[in-house]
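Nothing in this text is a laboratory measurement; each read-out follows from the coordinates by a stated rule. No experiment lies behind these values; they were computed from the predicted model shown. Positions of Cβ are generated from backbone atoms using ideal geometry, with glycine treated the same way; all protein chains shown enter the neighbour counts.
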Amino acid sequence: MLKKKSSWHDGQAVDTLIGAQVVLHGDLQFSGGLVVEGRIHGRVFAAPGQPATLTLGEAGLIEGVVDVPVVIVNGRIEGDVRATERVELAPRARVSGNIHYKVVEMRAGALLVGQLMHLAEGEPAQAAAPVPAQLDALPEAANA
């Protein structure tokens, strides 16, 4: 039996949906399309060498590092973002952290508390995982 993929607002394929009532504690690795309407407390990253798109809805919250080729934000991210292809900040996007990008689109109303840093050609496709000492310094580690 063939599995038909759902579609999201702008025609993006959706393989995984984290609903508004879901709270996830821990790291999440994925490929394909991921839509987050709930909350994730941990690192969100793409499987190495796989296409991946993260769409964070208005009600969505990620507290942790995001390392995904394509990132579309209309919710809140508290942590650094690394988008090796493209990052889009929609009107209700709120990002507290630095954004590393190749291509960026920021709509009126989006808020960034941090720095935009362009990724030069030849930089590694994915950032290294934070070491335990770095994890202890993150706000969510202090609240755990």
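If R0 is taken as 30 Å, the Cβ-Cβ distance between His25 and Ala47 corresponds to a FRET efficiency of 0.90. On the beta carbon distance between Glu58 and Thr16, with R0 = 22 Å, the FRET formula returns roughly 0.75. Each residue of segment 87-103 is assigned a 3J(HN,Hα), and the resulting list reads 10, 10, 9, 6, x, 9, 5, 9, 10, 10, x, 7, 10, 9, 9, 9, 10 Hz, derived from the Karplus form 6.51 cos²θ - 1.76 cosθ + 1.60 (θ = phi - 60°), x at Gly and Pro. Ranking of Met117, Met106 by neighbouring Cβ atoms within 10 Å, starting from the fewest: Met117, Met106. Summing charges over all other residues whose Cβ lies under 10 Å from the Cβ of Asn98, with Lys and Arg as +1 and Asp and Glu as -1, gives 0. Footprinting exposure proxy ranking of Arg82, Arg107, fewest other C-beta atoms within 10 angstrom first, gives Arg107, Arg82.
Under a 5 Å amide H cut-off, with hydrogens placed 1.01 Å from N, Leu116 pairs with Ile99 among residues at least 5 apart or on other chains.
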